[in-house]
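Engineer: Once you've had a glance at the structure underneath, I'll fire off some questions.
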Amino acid sequence: MRHEAPTGAGTFQGSRREAGSGEAGDMGAAGHQAGATAGLSWRGNESMSGRLREPQTVFCFNGCLRGGARRPGARRKSGRKCWGGSAEKAGSGEASAGDMLPLECILLAALLLQGDNAQAIQEHLVFTIIQISSFVNQSWVQHRGSGWLGDMQTHGWDTDSGTIIFLHTWSKGNFSDEELLDLELLFRVYLIGLTREAQEYVSQLHFTYPFEIQVVGGCELRSSDFSKGFLRSAYEGSDFVTFQNMSLVPSPGADSKAQSVCYLINQYEGIKEIVYRLITNTCPRFVLGLFDAAKVDYKRQVRPEAWLSTGPAPRPGRLRLVCHVSGFHPKPVQVTWMRGEQEQQGTQRGDILPHADGTWYLRVTLDVAAREAAGLSCRVKHSSLGGQDIVLYWGHHVPMYLILLAVTVPLVLLIVLGLWFRKRCSYQDIP
């Protein structure tokens, strides 16, 4: 696979996406490409003049492991290959949030298409990691993290244990447990080092507690043999530093504090080598395996269960009808309230929520006048049903085929019984 070096500058426009949560916010142009593998930035209220003193200690690595990481070695002085932090940006041509298709659509298309067409579907496949580090004071820091394949969260980060949370059965992709443990160790040591170095330089750079660091990073697969890595950092939603051409540079519009941080970090070739390998080698390999594993899981078909209930009445004389659909897989499903073949206006669709077993749940409501509820039905369309939709009728509505059956069966029984009596009587008349 051909790789492109990170270029350009990213943007963070105020709002942000909460790491570790299921909500996807808008982190400016980062959008779904937001991610974090490494980052270091601080806030300052005044300019810093003169040369920064050299860092005294950092966590160092002896080289790169499989997947682009190295096991931590001893603490060494500045000038060695060390793990600190860095940020970067994908260059021009990267997919924006608006260009990306939902992951379910990409998976479905990849399953339906073959050969070159299937490969073309993956041109804008993006894996991102988000890191949000909140420095409340000198002794209290919280790190949150999450991983995303397209618009679907695939990973979380357990702050207490310092371990990766795999949110789906396929979230490990085709990486071995050993490779994942290596990456987990890398992230854990990085966060420890980030905390220590940030706290050490807060006073030197005149930064003020509390402050928050946001870092996004990952890779974009633009074709079957081409990928682009990105890594960039922000402070409180504003661009701060970005990684491009193997160096950390200030983002456009950033103040002198960003220049100071870039000068500090760029002394360490080991930092830049590890970051570059992670976003241009490890990430693309992981994404391809993750996408293949997701396709296998997407093929799994589980039929939904459906039932009706009432919710809190919106006001006197009206009913809130609720159609529950649960236990289905894959995620795409169509649930509508109908009257005959006419879809009802005012249907309210909730969020599709996950079950622990990987299946999904959805509720769809409709507010109607109590006298108009009779004759309404909830129709469920899902790929696992083979075209046989689930239709649930509200109240005592009886489907037409049941009415015909109720009329036909007794009539047939009467005819058969009449013929039997007639035949029996004819036998009794024989001497």
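Coordinate-derived values only; no laboratory data. Quick caveat: nothing in here was measured; it's all calculated off a predicted structure. All Cβ positions, even for glycine, are placed from backbone atoms using ideal geometry, and neighbour counts span all protein chains on display.
Engineer: Can you give the percent of C-alpha pairs in the stretch 247-306 whose distance is more than 18 Å? Don't jump to the answer; show the numbers that get you there.
Structural biologist: Numbers: 1094 of 1770 pairs.
Above the 18 Å cut-off, the stretch 247-306 has 62 percent of its Cα pairs.
Engineer: Just grab the label-to-label distance for residue 393 and residue 208, each label 7 Å out from Cα along the Cβ direction, in nm (one decimal).
Structural biologist: Here the modelled spin labels are 7.0 nm apart.
Engineer: Could you give P(r) for the stretch 223-326, binned at 5 Å from zero, as whole percent values over all Cα-Cα pairs?
Structural biologist: Pairs per bin, as whole percents: 2, 10, 12, 11, 10, 8, 7, 6, 7, 8, 8, 7, 3, 1, 0.
Engineer: Starting from the Cα coordinates of the stretch 305-397, work out the convex hull volume and express it per residue in Å³.
Structural biologist: Numbers: hull volume 9.0 nm³, N = 93.
Expressed per residue, the convex hull around the Cα atoms of the stretch 305-397 is 96 Å³.
Engineer: Could you put 392, 366, 125, 319 in order, starting from the residue whose Cβ has the fewest other Cβ atoms within 10 Å?
Structural biologist: 392, 319, 366, 125
Engineer: Which ordering of 339, 303 is given by a fewest-first count of other beta-carbon atoms within 10 Å?
Structural biologist: Working: 339 14, 303 17.
The order, fewest Cβ neighbours first, is 339, 303.
Engineer: Please list 3J(HN,Hα) in residue order for the stretch 295-303, calculated via the Karplus relation 6.51 cos²θ - 1.76 cosθ + 1.60 where θ = phi - 60°; whole Hz, with x for glycine and proline.
Structural biologist: These are the phi-based 3J(HN,Hα) values: 5, 4, 5, 5, 5, 5, 10, 10, 5 Hz.
Engineer: Separate question: For a 23 Å ceiling on Cα separation, which of these pairs sit above it: 295/381; 272/295; 228/257; 172/272; 172/381?
Structural biologist: Violating the 23 Å Cα-Cα cut-off are 272/295; 228/257; 172/272; 172/381.
Engineer: Set the Förster radius R0 to 60 Å, insert the Cβ-Cβ distance between residue 422 and residue 334 as r into 1/(1 + (r/R0)^6), and round the FRET efficiency to 0.05.
Structural biologist: So, using R0 = 60 Å, E works out to roughly 0.65.
Engineer: Can you compute the label reach from residue 163? Point 7 Å from Cα along the Cβ direction, backbone N cut-off under 12 Å, restricted to the stretch 173-199.
Structural biologist: Flagged as within label range: 181.
Engineer: While we're looking at this one, here's another question. Counting other C-beta atoms within 10 Å, which of 423, 228, 381 has the fewest, and how do the rest follow?
Structural biologist: Ranked by crowding around the Cβ, least crowded first: 423, 381, 228.
Engineer: Normalised by the number of residues in the stretch 305-397, what is the relative contact order in percent for Cα pairs under 8 Å and 6+ residues apart? Display every interim value, and only then the final one.
Structural biologist: Details: 194 pairs, mean separation 28.0, N = 93.
The normalised contact order for the stretch 305-397 reaches 30 percent.
Engineer: Same structure again: What does the extension gain come out to for residue 299 and residue 192, with contour length at 0.36 nm per residue minus their alpha carbon separation?
Structural biologist: Result for the pair: 34.5 nm of gain on full extension.
Engineer: Residue separation times 0.36 nm, minus the C-alpha to C-alpha distance between residue 236 and residue 178: what's the value?
Structural biologist: Working it through step by step, the gained length comes to 17.3 nm.
Engineer: Obtain the nm distance between the two label points defined at residue 326 and residue 200 by a simple spin-label model: each point lies 7 Å from its Cα along the Cα-to-C-beta direction.
Structural biologist: The modelled label-to-label distance comes out at 5.4 nm.
Engineer: How much length is gained if the chain between residue 370 and residue 383 is pulled fully straight, taking 0.36 nm per residue apart and subtracting their Cα-Cα distance, in nm to one decimal?
Structural biologist: Details: separation 13, 0.36 × 13 = 4.68 nm, distance 3.31 nm.
Roughly 1.4 nm would be gained on extension.
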